[in-house]
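The values are calculated or read from the model by the stated rules, or taken from the named source; none is laboratory data. Just so you know, these numbers come straight off a predicted model, no measurement behind them. Note: ideal-geometry Cβ built from the backbone for every residue, glycine included; neighbour counts use all protein chains shown. Surface areas here come from the heavy atoms of the whole protein model, side chains and all, with no ligands, DNA or RNA. Shrake-Rupley method; radii C 1.70, N 1.55, O 1.52, S 1.80 Å.
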Amino acid sequence: MFEYEGMQTAAALRSPGSPRQPRRESTGPAGAARPGRADSGRADQGRADQGRVDHLGDARAALDRITALRSRVAEMEAPRVDVQGLPTASALQPLLPGGAIRVGGSYAVQESVLLAMTMLQAASAEGAWCAVVGVPSLGVEAAAAMGIDLERLVLVPDPGDQWLTVTAALVDVAQVVLTRPLGRVVPGDVSRLGARLRQRGGALVALGAWPGADVTLRVTDSVWSGIGDGHGHLTERRATVTASGRAGAGRPVSADLLLPAADGAVRAADPPAAAGASDTRVLRPVAVAS
């Protein structure tokens, strides 16, 4: 996993051998013989040569660090998938125009972290860099179980009030950036970030509302299974996910998903049993608090 703490600031590029303050000449004890003009000139020249050597060493050290950082960024930018669209999980394809994540597009996922992470799954499997900003509840083990490549996943769990700045910076190195908006988003910020996404060939997934999102996904209905008569545990959730277009354009599209299935994966749910089909389930009345 990329360690963003390892990035250095410009101040850190200064080597320990930074330019020294000029030393003052000691006049020595009274009556001591002073060096001649030629000797003084040679001493001054020697100090100047030493200063040039120190400056040259500092410049070379700084250049080495900058080159290493550029190489790291180039390595992150190298894996690119289809420039027309980024792949997404097969369960989500019916909900997205063209069955893929549009390059330069923005998507909003309401409330469900698992659904938002599913948007990253297929692109990560194809070798794309992904980033998650402002989602401290995201579990690394859960992400790995979903098939997300941890070696190409950048995590910034707590960006604070700099979440938008961090998100914009990660757009430069990650193709799919998942961010949780932690403040008001103004149209100007959305426009600039959209231009950056188009230029870099990436896409944005917002966990929550996002102005002008191409598609907004939300869970409109769900039911858990696995609980028996006073025993058992939750095994899987059947959820209806509805996708609506920008500003309500087009008719909303819905799909039934297992979110998650019993094995932890996200996949399309089997169609419900036809009317009249045999059903061995036993329905019992339950008390519901008002």
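Given the conditions (1) modelled with pLDDT of 65 or more; (2) surrounded by 13 or more Cβ atoms within 10 Å (Cβ to Cβ); (3) in a helix (DSSP H, G or I), report the number of the one that T88 does not fulfil.
T88 satisfies every listed condition except (3).
If a residue has to be of a type outside the set (D, E, K, R) and either assigned to a helix (DSSP H, G or I) or open to solvent by 30 Å² or more (accessible area, probe 1.4 Å) (or both) to count, how many in the stretch 115-137 make the cut?
Total meeting the criteria: 13.
State which residue pairs qualify: first residue assigned to a helix (DSSP H, G or I) and inside the stretch 192-217, second residue open to solvent by less than 10 Å² (accessible area, probe 1.4 Å) and of a type in the set (S, T, Y) in any location, beta carbons under 8 Å apart, and separation of 6 or more residues or different chains.
L193/T167
Looking for whichever is buried (at least 16 other Cβ atoms within 10 Å of the Cβ) and closer than 24 Å to Q93 by Cβ here; the options are L153, L182, L164, L170. Which one fits? Even if it seems obvious, please write down each step before you answer.
Working: L182 fails: closer than 24 Å to Q93 by Cβ; L164 fails: closer than 24 Å to Q93 by Cβ; L170 fails: closer than 24 Å to Q93 by Cβ.
One residue alone meets the criteria, L153.
Looking for whichever is of a type outside the set (F, W, Y) and within 25 Å of A243 (Cβ to Cβ) here; the options are V219, V186. Which one fits?
V219
So in the stretch 109-166, with the set limited to residues that are small (G, A, S) and under 12 Å from V177 (Cα atoms), which one is nearest to the chain's Cα centre (by Cα)?
Per the stated criteria, the residue is A131.
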